[in-house]
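Nothing in this text is a laboratory measurement; each read-out follows from the coordinates by a stated rule. Not measured: the values here are computed from a predicted model. Don't worry about glycine lacking a Cβ; one is built from the backbone with ideal geometry, like all the others, and counts go over all protein chains shown.
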């Protein structure tokens with residue numbers, strides 16, 4: 001089941017998927033007063049929207065999958081799916 005969230009979140013930490021440091025992935029976010037730590041693996045999608053590049057990330061904490069959107073240095077938690085979803 002996927003829970004739609006669409007709430008701005010703070011990304012507190014990043015990791016880099018390549019040695020050049022050009023592919024940052026979120027490692028930890030703060031949402032609803034909780035820190036959520038992601039595994040060092042995830043999927044990154046690049047989408048062009050109205051001539052602007054938007055990044056979508058699917059990240060997991062081991063129980064849930066979190067879809068994040070990065071646009072103009074703002075981060076939005078789009079939705080959460082998985083066994084431990086509770087909002």
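Working from Cα pairs under 8 Å separated by at least six residues, relative contact order for the chain is 28 percent.
If the chain linking residue 1 and residue 64 were pulled fully straight, counting 0.36 nm for each residue of separation and taking away their Cα-Cα distance, it would gain 21.7 nm. Between residue 20 and residue 56, the distance separating the two model label sites (each 7 Å from Cα on the Cα→Cβ line) works out to 2.5 nm. Listed values (i) 47, 22, 17; (ii) 29, 26, 21; (iii) 34, 31, 22 include one computed from this model; for Cα extents along the principal axes in Å that value carries the label (iii). With neighbour counts taken as other beta-carbon atoms within 10 Å, the residues 16, 57 rank, fewest first, as 16, 57.
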